[in-house]
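First comes the structure, then the notes that go with it.
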Amino acid sequence: MIKKVDGRTAKGLRIKQQVEQGILTAYIDLIREGSPTPTARDTARRAQLSFRVIFKHFATLSELRFAAISRIEVQSRGFYAERISYDEPVERRLEQFIYRQTRMFEIITPFRRAALIVESTDPLVAAAMKRARNGAIHEIERALGPALKLLSPSQGRRLVTNLHVVCAWPSWETLRAHHGVPPLQARRLVTQMALSILRDAFSSRKMPAKGDPK
């Protein structure tokens with residue numbers, strides 16, 4: 001038997017969801033502005049709510065933090081939603097991957113910094129970070145596409161690993177935060193290194209010039 005939801009119950013659910021989204025948005029905004037571990041009081045103040053309301057909707061700060069990181073994780077997937085054309089040369093596809101990847105890094109960097117602080121002690125955050133890293137490897141493989149078939153399995157794995165090291169967020173953070181390299185210049189450096197790795201992997205065989213073998 002389907003239980004009907006009356007008007008008051010539906011309204012209560014909407015209000016609950018609105019308050020939760022307000023708390024989550026406040027928490028995310030604080031991280032985005034440079035506070036990697038916002039407190040419940042900071043979040044309540046930003047959301048214009050009482051301190052006790054935070055814990056009526058999120059049992060712990062860890063739960064709130066995971067909800068925030070999960071939202072950013074979902075949003076970041078949108079950068080890879082577009083279809084890849086394998087009629088284009090593999091070098092061009094890799095350049096497009098790096099363009100999308102580095103644009104995403106500029107948005108998610110505050111959240112990556114926040115996640116790193118608690119990754120070793122928070123299993124939920126650790127799992128989210130592992131998904132993000134595995135997702136990045138998958139996207140590199142997707143960008144390379146059929147060109148990987150021209151290499152042996154061990155050569156292919158080495159190529160993907162080397163590209164992941166260069167194209168991963170820690171490399172971007174080193175360039176941007178530690179060396180103060182502007183975004184466009186950092187993107188060019190990452191692209192140059194990645195293309196050099198790609199060409200080196202195909203040094204003993206001809207790289208497909210226009211698309212990949214079917």
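What follows draws every value from the coordinates through simple rules; no lab data is involved. Remember, it's a predicted structure, so these values are computed and weren't measured experimentally. Please note: Cβ atoms are built from the backbone with ideal geometry, for glycine as well, and neighbour counts cover all protein chains shown.
A few remarks follow.
- Taking the longest Cα principal axis of the chain as reference, the axis of helix 7-32 is set at about 50 degrees.
- Here the dipole of the stretch 7-58 is about 360 debye; that uses its Cα centre as origin and unit charges on the Cβ of Lys and Arg (positive) and Asp and Glu (negative).
- Only Lys, Arg (+1) and Asp, Glu (-1) charged, at Cβ; the stretch 69-201 dipole about Cα centre in debye: 60
- Every helix of 4 or more DSSP H residues in the chain counts as -39500 (n - 2.57), and over all residues that averages to -23000 deg cm²/dmol at 222 nm.
- Acute angle (nearest 10 degrees) that the helix 123-144 long axis makes with the longest principal axis of the chain, alpha-carbon atoms: 30
- GNM top mover of Met129, Met104, Met193 - the chain, alpha-carbon springs below 10 Å: Met193
- Dipole orientation for the stretch 7-58: of the candidates Leu24, Leu13, Phe55, Leu13 has the Cα lying most toward the positive pole (charges on Cβ; Lys, Arg +1; Asp, Glu -1).
- Summing charges over all other residues whose Cβ lies under 14 Å from the Cβ of Ser35, with Lys and Arg as +1 and Asp and Glu as -1, gives +3.
- Of the residues Val118, Phe105, Ser76, the one whose Cα sits farthest towards the positive end of the charge dipole of the stretch 55-161 is Val118 (charges of +1 on Lys and Arg Cβ, -1 on Asp and Glu Cβ, taken about the Cα centre).
- Radius 12 Å from Cβ of Phe105, net charge of other residues (Lys, Arg +1; Asp, Glu -1): +4
- Cα-based helix-to-principal-axis angle, 183-201 vs the chain, degrees rounded to 10: 50
- Most fluctuating residue given options Leu30, Leu64, Leu49, as computed from a GNM of the chain linking Cα atoms under 10 Å: Leu49
- Among His179, His57, His138: highest mean-square fluctuation, GNM of the chain, C-alpha pairs under 10 Å: His179
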